[in-house]
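Please treat every number below as a calculation from the coordinates, not as lab data. Every value quoted in this text rests on a predicted model; they were computed, and no experiment measured them. Neighbour counts run over all protein chains shown; Cβ positions are idealised from the backbone, glycine included.
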Amino acid sequence: MLSLKDVYYRYEPGGIEALCGVSLEINDAEHIALIGPNGCGKTTLIRHLNALLLPEKGSVVVNGLDTKKERNNAQIRSLVGMIFQNSDDQIVGMTVEEDVAFGPENLCLPAKEIKKRVDESLERVGIADLALRNTENLSGGEKRLVAIAGVLAMRPRYIALDEPTAFLDPAAAGMILEIIDKLHREGVGIIHVTHNMAQAALAERIIVMNEGKLYLDGTPEVIFGKVEILQKINLRLPQVTQLLIKLKEKGYPARTDIVNMEEAINYIEELIKKE
Amino acid sequence: MYHAGTFITGKSFLYKLDPRVKLAFIIVLSVFILWSAPIQVYFLGVALLVAALASKISIRSLAQSVKPLLIFIILIFLAHALFSDSNSSFAGISMSGAHEGFIVVLRFLCLIAAAVLLTMTTAPSALIAAVKYFLRPLKYLRVPVDDIAVMIMLALRLMPILLLRKEKIENAQKARCYDVKKAGLMARVRSFLSLIITVLLAVFRRADELALAMEARGYAREERTSATTMKITPLDHAAIIIFVIAAIIFMALKYYLS
């Protein structure tokens, strides 16, 4: 379990509070979407989860390990993997294989085990054929998959992804979402920072942040049911929910608590059949 | 995008050699290149060329590695040709000076070719593992060998990024109709300075992010293991024997020629 208790954080002394009394618990194998306007503290929050940032006040505990104790760092960083917004900034190695091996090498694992983990991670994200490729020659989507494989090689219990589909074309973004879903089904906890409401709707739980504070916390249906509250912080509903609201406004007997595409399609099909 | 000198996968003879053996060969070869008699430099040049072709590395790749240093090479040649102490001269260029300049340039080209052969046929991780192997005794003197290895890895990683960044900025300038070739000297200097500053700023930002990403993946400036396993095979034994015999003949010839 990941637990944040009354966490405060400022990037500069005397500066504005990037996190302001955040308390939160994230259970094992949970799929969470973290949403909110730019500068609301989403990235700051996830960087606390693997001890990249330490709270000024309060505490962050990862599976019983306090992030403030430096001796816990190695274990915390293998428990919580971090995918940065720009994969280019995350890739350390010249070849895919070399980059994926970087984390296990830091864990001081023997060469045989590192090789096993590298092969296994590349296989899990479906890029085993890229193992020997130069990381500079990869596409944006491939780089993102290499970054995910690099984190998986450390066998994390949770992965925090900072806008993993940013700058990607729809096909590559779809591929990344499939991988995230697959990892969640395999039991890895997902903390997905996103501005895309359709992607947020795929999570089991959505946490909305605003001005460094927790604003809302609940299931997608509950969160997207609070239209007016979301509008106050300039957040929009998923497009399917917007469509259903428009249908209702036009007099159709449409439900407006549907947030994902598949459910919406089934529901609209039912409506058409009834008509 | 491919940049000269970077590793490309392959299966030829040089790829199969242990990285430690290759690194040792290149170090010894570099000494021979600098120390050999002029006639021997031609042989070394031909040998390196044969090794490159046998490793399926094209002459074009080697030429690409030389391209950024072309002005420097021409300057070396001209310095020898124009300012050499000799009586026989044509248009200020002495023939013996020109020959001397040619040999110096050839030595320089051989050194580049040797380095390129090593980096193109050895995966960076294997090369770093080899460097780490040779630096290992320094651990007893508390030299941070693991950190040095990571520094080399990052330098190798940042080099193409730097070149790519430079190309992107140049293209952005061209897209706005800026032609550096038509610009005056001062404008060129200004353009060069702004290019350098922009590239450096981008690299510093990248280095900052990279450091954070490394930390997130458990890097802590402590001892770390390596995924690369190195093993001396019969092929390495054969290569060492041939190299030692060639080196003995080479030294005997050098002694004889001098």
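Observations on the structure shown:
- Listed from fewest to most Cβ neighbours within 10 Å, the set B:M95, A:M82 follows the order B:M95, A:M82.
- The dipole here belongs to the protein assembly as shown: it is taken about the Cα centre, uses +1 on the Cβ of Lys and Arg and -1 on the Cβ of Asp and Glu, and is about 1420 debye.
- Shape of the range B:14-58, Cα gyration tensor, a/c cut at 1.5: oblate
- Take chain B and mark each of the chymotrypsin sites (Phe, Trp or Tyr not before Pro) that is in a DSSP loop with at most 15 other Cβ atoms within 10 Å; the longest unmarked stretch, sites excluded, is B:3-177.
- Helix-only arithmetic for chain B: the sum of -39500 (n - 2.57) across DSSP H runs with n ≥ 4, divided by the residue total, places the mean residue ellipticity at 222 nm at -24500 deg cm²/dmol.
- The shape of the range B:123-258 comes out oblate: with a ≥ b ≥ c from the C-alpha gyration tensor, a/c is at least 1.5 while a/b does not beat b/c.
- Local electrostatic count, A:V193, Cβ distance below 10 Å [Lys/Arg +1, Asp/Glu -1]: -1
- Span-like helix criteria (full DSSP H runs; alpha carbon extent of at least 27 Å along the helix axis; mean Kyte-Doolittle hydropathy of at least -1.0) are satisfied in chain B by B:95-121, B:145-175, B:185-216, B:234-257.
- Global form of chain B, assessed from the alpha-carbon gyration tensor, a/c cut-off 1.5: oblate
- Note on chain B: GNM, Cα springs under 10 Å; of B:I57, B:I33, B:I74, the largest mean-square fluctuation is that of B:I74.
- Kirkwood hydrodynamic radius of the range A:2-237, from the reciprocal of the average inverse Cα-Cα distance over all distinct pairs: 18.2 Å.
- For the range B:1-83, trypsin sites (Lys or Arg not before Pro) are listed when DSSP marks them as loop and at most 12 other Cβ atoms sit within 10 Å of their Cβ; the list is B:K11.
- Peptide ranges A:212-224, A:59-71 listed from the most packed, as the mean C-beta count within 10 angstrom indicates: A:212-224, A:59-71
- The region of chain B that goes longest without hitting one of the GluC sites (Glu not before Pro) in a DSSP loop, each with at most 12 other Cβ atoms within 10 Å, is B:1-221.
- For the options A:G93, A:G14, A:G140, a Gaussian network treatment of chain A with springs between C-alpha atoms closer than 10 Å singles out A:G14 as fluctuating the most.
- Inter-centroid distance (Cα atoms) of the range B:217-258 relative to the range A:1-28, Å: 53 Å
- ³J(HN,Hα) computed for each position of the range A:65-70 - Karplus, 6.51 cos²θ - 1.76 cosθ + 1.60, integer Hz, glycine/proline x: 9, 6, 5, 6, 8, 4
- Once the C-beta distance of B:K16 and A:A171 is scaled by a Förster radius of 25 Å, the resulting FRET efficiency is 0.05 to the nearest 0.05.
- For the pair the range A:82-120 and the range B:7-28, the centres of their Cα atoms are 23 angstrom apart.
- Chain B: most fluctuating residue of B:K67, B:K139, B:K182 per GNM, C-alpha cutoff 10 Å: B:K182
- Helix-only CD estimate at 222 nm, as mean residue ellipticity for chain A, using -39500 (n - 2.57) per DSSP H run (n ≥ 4): -11500 deg cm²/dmol
- Normalised contact order of the range A:206-275, rounded percent, pairs of Cα under 8 Å and 6 or more residues apart: 22 percent
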